[in-house]
Structures are given as C-alpha cells and as structure tokens.
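Student: Pasting a structure below so you can have a look.
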Amino acid sequence: MSGQTTRLATAEPRWLRAVLMVVGLGFLFFFLALPLVAVFVEAFQGGMSAYVEALRHPETLSAIGLTVFIAVFVLPFNIAVGVAAAWAIAKFDFRGKSLLITLIDLPFAVSPVVVGLVFLLIFGAQGLFGPWLAAHDVKIVFALPGMIIVTLFITFPFVARELIPLMQAQGKDEEEAAISLGASAWQMFFRVTLPNIKWGLLYGVILANARAMGEFGAVSVVSGHIRGETNTLPLHVEILYNEYNAVGAFASASVLALLALVTLVAKTVVEWQMRRETVMLDTPLAPENVGQPSGTQP
Amino acid sequence: MKNKHVLPGFGLALGITLVYLSLLVLLPLSGLAFKASSLSAGELWNVATSERALASYRVTFGASLLAAGINAVFGLIVAWVLVRYPFPGKRLVDSLVDLPFALPTAVAGITLATLYAGNGWLGRFLEPLGLKVAFTPLGIVVALTFIGLPFVVRTLQPVIEDIEPEIEEAAASLGASRLQTFLRVLLPGVFPALLTGFTLAFSRAIGEYGSVIFIAGNMPLISEITPLLIISKLEQYDVIGATALALVMLVISFVMLLAVNALQWWSANRHHGREKVSL
C-alpha cells in the first residue's frame, strides 16, 4: 500500500500536525526554554570573572550553605513520615482514609505566604507562644528553626504522594509472604518493601529537595532577612535583584537553575528506571513467556 | 479467610502520620482561625472587604483564571504533540515541561521580569507593538502561566496515552471527519482531565508569590496580588489585616482542594466506567 495518497482516518492532516507542532513547541520555547537560557546569559553578562566573584562573595556562600543545610535537615523527616503514611494508607483499610489523603495534600493548596504567616502567628512576638518563647530566650521565628519548620510544612506531601499509588499498585502479597515465612517486621521492610519502592522514594525525595532548596514565599515571611544569617539562596537572589545588582542576582540564580537542571535529569533517569523495572516485572508473567521454555511447542 | 493484620506496623505508621500531620499542619492552620476568632468580626470584615483587598482579589483571580485558561489551551496542544507526534529530541522536551516545578520561583520571577522588561529579549519586540508586559497585570499572567503549565500537561498526558485507538477508528469508519472525532469523541474523553489540570493550575496560581512579585510592578489597586498585600500588611506590623486576608485565602484553598478532589473522583469514575464498557 502506498501511503502517499491515502491518509490514516485516525490522524490529523499533515498541515494540522505541522501547525500543532509549531504552536506547542513554540509555546514551550518562549515560556520554558528561553527563560532557562536567559538565566545563564544574564549571569555571565559581566564576564566570567564577575560571575565567579559574585559567587565567591561571603554572603552568597553563606546563603548556599544555609540552603543546603535546611534541605539536608528536612529530607530525613520527609522520608520517614512519607514512608509511614504511604505504608498505612496503601497496605491497610481504615475509616477516614480518603480524608487523610486529602489532608496530606493540604500543604500544596495553601499559599506559601499564608504558611509563613501561620507560623508567625504561633511563634512570633505577639503570637500564641510568643511571650513564653521570649521569656525562655528561644528564637523560632526570624531564625533558623522557623525556616526549617515552614520548609517541613511545604515539602510534607512529596514523598507520600509518590509512594501511595506505587505501593497500592504493588499490593501486599510479597510482604505477606515474607511475614508468613517468618521474617521480622524490619526484615520485611528492608528486604522486601524498600527494594520495591526505592525508585519511587528517590523520585519523591528529588522533588521535595528541589522545593526545599527553592522555597521563597514561606521562608521569606519567617526569615527576617538577616544577611549572612537567615538568608537562603532564593532570598539572596531577591535582595541582590532589588539592589540592582543584576550580575550578582543572576549568578546566584544560575546556581539554583543548575539545581533545577540536575533535578530534571535525576527525575528523568529515575522515571526510566521505574519504567524498566515495571517492564522487567511484567514480562516473565505474560502467559506466552511462561509456556515457552517447558517444551510444549510442536 | 483474609486475616486483617498479617502485615505489621499499621498502628505505628498511622500514629506517626497523624501526630506529624496534626502538629505540623492541622494545629498551626487552626491557630490561624483561632487568632482570627479573637478579633472582632466587624474588624475582619472591614479589612477583608476594603477597597485595596477587593482590588487584590480581582487581580489575583483574574490573572489566575486567564493563566489557567491559556495553559488549558496550550497545555492540551503540548500534551497532544508530546504523546502523538514523533520528533527528534522529544524526551528532552518532555523533561523540560517539568521546569516550572524544579526552578525556584524567585529565579523564574527575576528572569521573566528581565525578559519582558522594555529592554529585554522579548520586551523590546512587544513594547513597540503597544504590549507592555513587565510591571503590568499582564506580567502577572505571564508568570502564572509559567508556573501552571506542567499541571495541565502532566494531567493530560496519561489520559491521552490511554485513549483506545478503537474509539477513533470506530468514529472514523462511521464517517466522522477528524474534527468531528476530536470534538465529539476525543475531547469529551479528556475533558475531566483537562478540567482537573485547569483547576490545579488555577489553585496554584492563586497562592503564588515568588514568581509574580518581580514582574508585577506591585501597584496597589492595579497590579497587587493578595499574597503580596498580606506581606505588606505584615511589614507595617498590621497583624490583624494580614490575618484577615490570610483567612480569606485559606478558605479559598480549602474550596479549591475539595474541587480538585471532586474532579479527580469524577475523572476516575468516568474512566473506570469507560473501561467497563470496553470490556
């Protein structure tokens, strides 16, 4: 059959495909690719030496350090609670389960600015615990603990969200087999569950990390913007930009853009791994493969 | 026959989750409501319905609605192109769609502001045409479009992938034109997902702060979004004002969350129903 004159009835005409491609890819070019390129072009506007100098500024270095510290501090909590929540939700039935799933999504729905304000109202000078904290000389708001708390709040859903559908799809047969064969609870977890969910867990951690390092609104409200002390990299970008220090702002921004690129690459790699393992799990189970080696073929 | 507690750890896992969720999320959020309840209702109402607050709701909702609409149209095209059409570099482009999730909002904000400023790469071509984007409400729409795009594309992609070719073949063999097939068969199938993506993008846009403030110009009554108004109230030590506005936003967040849940439930049920029919 020649495909020259006939066209699949279930495909768009050639000209329409071309138009849709141009519109769709053009939209992505102007809205996504161009900004990404612009970050780096602006950062190197003053040449390589200005770029390096901007990054080596003590305030920039301390902002990078603080950003990394907060993320490293927050991620273990995300992992532990995310796995716990997914375990309870995916492997057991209980009343109010769908409500719990909705509540886990809540931090995504609340505006970051409102999140910051909420913790300001609790721990701030005029807040609920403000007087008590002041009397005991504990600083939470406008200090590191407050920034950690809002980051915990903001990043809470990521791990659980990735794991719940994954663990639901995997079912509980393997774990039940392990238990009935005499494995202890932790043996079951580390030898059966964790290997099964490792890519999904990593995926959630990558997303949570990107958000933890990049969070702006919530951290901005509770940080107090103390230079060299409570300034994360995104807040540092804002300060430099507002001081019309474009090269400095975009140099710091380029570090964050690099983080975004690493995140995208890591995410893609993990997605491939997950797909590969699903394929590997599925193939031996397909009926046509089961019968073949046993020699039933004529 | 089924033993309910073969697997261990239910109590521990659920306990950790509930304690963590309560301490970190639920109690703090109810703290906001508690704080608001200690203020007089009249006072709250006055702040929440002041001229500046009402203008900020208009800007926030208008720009969010417009941005989510733009994303619904272009996101559908992007998702369609990514699922259906082969082209070189497709995987790269597909990964790029997640950029707004990965790029910190402050970085997006200063970059978009620079691109669309009068002397920027895009602004220098748009401004002679009379299109001022940076430091106008239009800039807010641009930033919110950037932020919301992946929500629509990522919600639509799996649904478009799942469309069974038989449906399209049936429509075509019954004499439907491609446009008729799209409007009568394909679009109704993907509509719940499209609406879900739209709602996700919209609800994200309403609360967005970091990417907007750099490009918005932040003129009270004209290009001031509600989250920024909360911040400026805080900077003037007007806790009451900030609390009243935050309460309005929190209520809206709850409504949006419920709407998204209802939509996903509808979408899943429809999908399920369709699968049943095809069996």
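The values are calculated or read from the model by the stated rules, or taken from the named source; none is laboratory data. Computed from a predicted model, the values in this text were never measured in an experiment. Methodologically, a virtual Cβ is constructed for each residue, glycine included, from the backbone with ideal geometry; neighbour enumeration extends over all protein chains shown.
Student: Could you identify the single residue in A:ALA260, A:ALA246 that is in contact (Cβ under 8 Å) with a residue 24 or more places away in the chain, over 22 Å from the mean Cα position of the chain (by Cα) and surrounded by 15 or more Cβ atoms within 10 Å (Cβ to Cβ)?
Tutor: Details: A:ALA260 fails: over 22 Å from the mean Cα position of the chain (by Cα).
Going through A:ALA260, A:ALA246 in turn, just one is in contact (Cβ under 8 Å) with a residue 24 or more places away in the chain, over 22 Å from the mean Cα position of the chain (by Cα) and surrounded by 15 or more Cβ atoms within 10 Å (Cβ to Cβ): A:ALA246.
Student: Continuing with the same structure: Answer with yes or no whether A:ALA38 is small (Gly, Ala, Ser) and modelled with pLDDT of 95 or more.
Tutor: yes
Student: Something else about it: Consider A:ALA86 carefully, then state whether it is more than 7 Å from chain B (Cβ to nearest Cβ) and buried (at least 22 other Cβ atoms within 10 Å of the Cβ). Walk me through it before giving the result.
Tutor: Details: more than 7 Å from chain B (Cβ to nearest Cβ): yes; buried (at least 22 other Cβ atoms within 10 Å of the Cβ): yes.
Yes; evaluated as a whole, the condition is true for this residue.
Student: Moving on. Please give the number of the condition B:VAL133 fails out of (1) surrounded by fewer than 20 Cβ atoms within 10 Å (Cβ to Cβ); (2) more than 11 Å from chain A (Cβ to nearest Cβ); (3) not small (Gly, Ala, Ser).
Tutor: Here B:VAL133 meets the rest and fails (1).
Student: Next question. When residues of region B:21-51 are filtered for being more than 10 Å from chain A (Cβ to nearest Cβ) and within 24 Å of the chain's Cα centre (by Cα), how many remain?
Tutor: Summing the residues that are more than 10 Å from chain A (Cβ to nearest Cβ) and within 24 Å of the chain's Cα centre (by Cα) in region B:21-51 gives 1.
Matching residues to (1) free of Cβ contacts under 8 Å to residues at least 12 places away in the same chain; (2) surrounded by 15 or more Cβ atoms within 10 Å (Cβ to Cβ):
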{"site": "A:LEU20", "(1), (2)": "yes, yes"}
{"site": "A:TYR51", "(1), (2)": "no, yes"}
{"site": "A:ARG56", "(1), (2)": "yes, no"}
{"site": "A:THR60", "(1), (2)": "no, yes"}
{"site": "A:GLY65", "(1), (2)": "yes, no"}
{"site": "A:LEU75", "(1), (2)": "no, yes"}
{"site": "A:ASN78", "(1), (2)": "no, yes"}
{"site": "A:GLY82", "(1), (2)": "no, yes"}
{"site": "A:ALA90", "(1), (2)": "no, yes"}
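Student: Quick one: how many residues across region A:172-198 are surrounded by fewer than 21 Cβ atoms within 10 Å (Cβ to Cβ) and more than 11 Å from every other protein chain (Cβ to nearest Cβ)?
Tutor: 8
Student: Which of the residues that make up region B:106-120 are free of Cβ contacts under 8 Å to residues at least 24 places away in the same chain and either in contact with a strand residue (DSSP E or B) (Cβ under 6 Å, 6 or more places away or on another chain) or closer than 10 Å to A:PRO35 by Cα (or both)?
Tutor: Initial filter on region B:106-120 (free of Cβ contacts under 8 Å to residues at least 24 places away in the same chain): B:107, B:111, B:114-115, B:117-120.
If the condition is that a residue be free of Cβ contacts under 8 Å to residues at least 24 places away in the same chain and either in contact with a strand residue (DSSP E or B) (Cβ under 6 Å, 6 or more places away or on another chain) or closer than 10 Å to A:PRO35 by Cα (or both), then B:VAL107, B:THR111, B:THR114, B:LEU115 are the ones that fit.
Student: Report the residue count in region B:211-247 for those that are touching a residue at least 24 places away in the same chain (Cβ under 8 Å), buried (at least 21 other Cβ atoms within 10 Å of the Cβ) and among the β-branched types (Val, Ile, Thr).
Tutor: Of the residues in that region, 6 qualify.
Student: For region B:51-105, name all the residues that are among the hydroxyl-bearing types (Ser, Thr, Tyr) and either without any contact (Cβ under 8 Å) to a residue 40 or more places away in the chain or in contact with a Pro (Cβ under 9 Å, 6 or more places away or on another chain) (or both). Full working, then the answer.
Tutor: Going residue by residue through region B:51-105, those that are among the hydroxyl-bearing types (Ser, Thr, Tyr) are B:56-57, B:60, B:64, B:85, B:95, B:105.
Within region B:51-105, B:SER56, B:THR60, B:TYR85, B:SER95, B:THR105 qualify.
Student: Another question about this same structure. Condition first: modelled with pLDDT of 90 or more, in a helix (DSSP H, G or I) and in contact with a Lys or Arg (Cβ under 6 Å, 6 or more places away or on another chain). Can you find one or more residues in region B:206-229 that meet it?
Tutor: No, because not a single residue in region B:206-229 is modelled with pLDDT of 90 or more, in a helix (DSSP H, G or I) and in contact with a Lys or Arg (Cβ under 6 Å, 6 or more places away or on another chain).
Student: Scanning region A:99-147 for residues that are more than 7 Å from every other protein chain (Cβ to nearest Cβ), touching a residue at least 40 places away in the same chain (Cβ under 8 Å) and among the small types (Gly, Ala, Ser), which turns out nearest to B:PRO28 (Cα to Cα)?
Tutor: Among residues in region A:99-147 that are more than 7 Å from every other protein chain (Cβ to nearest Cβ), touching a residue at least 40 places away in the same chain (Cβ under 8 Å) and among the small types (Gly, Ala, Ser), the one nearest to B:PRO28 (Cα to Cα) is A:GLY116.
Student: Give me the residue from region B:45-61 that is under 11 Å from B:ILE222 (Cα atoms) and polar (S, T, N, Q) and, out of that set, surrounded by the most Cβ atoms within 10 Å (Cβ to Cβ).
Tutor: Result: B:THR60.
Rundown of residues vs (1) surrounded by 14 or more Cβ atoms within 10 Å (Cβ to Cβ); (2) of a type in the set (D, E, K, R); (3) in a helix (DSSP H, G or I), yes/no style:
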residue	(1), (2), (3)
B:LEU115	yes, no, yes
B:ARG124	no, yes, yes
B:ILE140	yes, no, yes
B:GLU169	yes, yes, yes
B:LEU187	no, no, yes
B:PHE202	yes, no, yes
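Student: Name the residue, out of A:LEU201, A:LEU207, that is under 30 Å from B:ILE230 (Cβ atoms), in a helix (DSSP H, G or I) and touching a helix residue (DSSP H, G or I) at 6+ places or on another chain (Cβ under 8 Å).
Tutor: A:LEU207
Student: Identify the residue in region A:210-231 that is in a loop (DSSP other than H, G, I, E, B) and in contact with an Asp or Glu (Cβ under 8 Å, 6 or more places away or on another chain) and, among all such residues, is farthest from the other protein chains (Cβ to nearest Cβ).
Tutor: From region A:210-231, those in a loop (DSSP other than H, G, I, E, B) are A:215-216, A:224-231; that's our starting set.
Remaining after also requiring in contact with an Asp or Glu (Cβ under 8 Å, 6 or more places away or on another chain): A:216, A:227-228, A:231.
On the way: A:PHE216: 4, A:ARG227: 16, A:GLY228: 18, A:ASN231: 12 Å.
Among those that are in a loop (DSSP other than H, G, I, E, B) and in contact with an Asp or Glu (Cβ under 8 Å, 6 or more places away or on another chain), it is A:GLY228.
Student: What are the residues in region B:110-145 that are β-branched (Val, Ile, Thr) and modelled with pLDDT under 95, if any?
Tutor: The initial filter retains those residues of region B:110-145 that are β-branched (Val, Ile, Thr), namely B:110-111, B:114, B:133, B:136, B:140-142, B:145.
Listed by number, the residues that qualify are B:VAL133, B:THR136.
Student: I've got another one for you. Return the residue satisfying two criteria in turn: it lies in region A:107-158 and is assigned to a helix (DSSP H, G or I) and hydroxyl-bearing (Ser, Thr, Tyr), and of such residues it is surrounded by the fewest Cβ atoms within 10 Å (Cβ to Cβ). So that I can check it myself, show each step before the final result.
Tutor: Filtering region A:107-158 for residues assigned to a helix (DSSP H, G or I) gives A:107-109, A:112-123, A:130-135, A:144-155, A:157-158.
Restricting the remaining residues to those that are hydroxyl-bearing (Ser, Thr, Tyr) gives A:151, A:155.
Values: A:THR151: 28, A:THR155: 26.
Looking at residues that are assigned to a helix (DSSP H, G or I) and hydroxyl-bearing (Ser, Thr, Tyr), I get A:THR155.
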